[in-house]
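Okay, structure first, notes after.
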Amino acid sequence: MGRKQLWDRAEVLTSAMRLFRRRGYHGASLRDVEEATGLHPGSLYRTFESKDGLFRAALDAYNDQVVQDRVRIHLLEPSDPVAGIRSFFTSAFETGLDPDPGCLLTNTAVESYIVPQAVSGVHRGLDAIESGFADALTRARALDLLPADLDVEESAARLLALYQGLLVLVRAGTPRTKLHTITDGALASLGPAKEAQR
């Protein structure tokens, strides 16, 4: 009979997400991983096979828990989808964290040329965000909050690019006043918006 597992997988992945957000894949040593997660090397390799395996699992968990939740809360559920798009942007830097460690997905995308094992997870997260933008834009157009001739696919791709750029600036410590100006520009790029009916 095998020994009972004394650690919780979800807690380990949450700790790994925090570590990789701060340090990145290459910046986090195996010692850092052990200290952050409480896993000894044997447990790490038995469960995740390698640091790569833990990193992929942490990125998957981040997509499932953080990215999907943010897309749902800000882009899929709001009755005013334009306000939801704005809050999706502003919630990325109105976090109260100083300095903000940034988004694991974005940080990994920047690092992905030297972390090829993360590319599929990066694409999955980016696709979820772009799809969320497209959903919000489609609803906004149907509600007559945005121009009827708005190209949803093109606009969703542009918002994704602007949002990812904004997250890089967040990580670089850009002042919030400038981040709000960038957010205003992203919304203005969609064309004249109308007030949602209450």
Please specify each residue of region 75-131 satisfying the condition of being in a loop (DSSP other than H, G, I, E, B), among the charged types (D, E, K, R) and in contact with a helix residue (DSSP H, G or I) (Cβ under 6 Å, 6 or more places away or on another chain). 100
In this structure, is residue 92 among the hydrophobic types (A, V, I, L, M, F, W, C) and within 13 Å of the chain's Cα centre (by Cα)? yes
Give the residue, chosen from 92, 109, 128, 118, that is open to solvent by less than 70 Å² (accessible area, probe 1.4 Å), within 28 Å of residue 23 (Cβ to Cβ) and touching a Ser or Thr at 6+ places or on another chain (Cβ under 6 Å). 118
Please list, ordered by first then second residue, the pairs with beta carbon atoms under 8 Å, 6 or more apart or interchain, first in region 68-91 and closer than 23 Å to residue 123 by Cα, second crowded, with 18+ Cβ neighbours inside 10 Å and among the charged types (D, E, K, R). 88/70; 91/70
For region 38-68, how many residues are at pLDDT below 85 and assigned to a helix (DSSP H, G or I)? 8
Being over 12 Å from the mean Cα position of the chain (by Cα) and buried (at least 18 other Cβ atoms within 10 Å of the Cβ) narrows it down to one residue among 76, 146; which is it? 146
Looking at 154, 195, which one is at negative phi and either modelled with pLDDT of 90 or more or assigned to a helix (DSSP H, G or I) (or both)? 154
Could you list, in sequence order, the residues of region 15-31 that are open to solvent by 60 Å² or more (accessible area, probe 1.4 Å) and either of a type in the set (Phe, Trp, Tyr) or farther than 11 Å from residue 59 by Cα (or both)? 22, 23, 26, 30, 31
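The values are calculated or read from the model by the stated rules, or taken from the named source; none is laboratory data. Note that the structure is a prediction, hence the values are computed from the model and not measured. Note that we place each Cβ from the backbone using ideal geometry, even for glycine, and neighbour counts take in every protein chain shown. The area values use the complete protein model at the heavy-atom level, side chains included, leaving out ligands, DNA and RNA. Shrake-Rupley method; radii C 1.70, N 1.55, O 1.52, S 1.80 Å.
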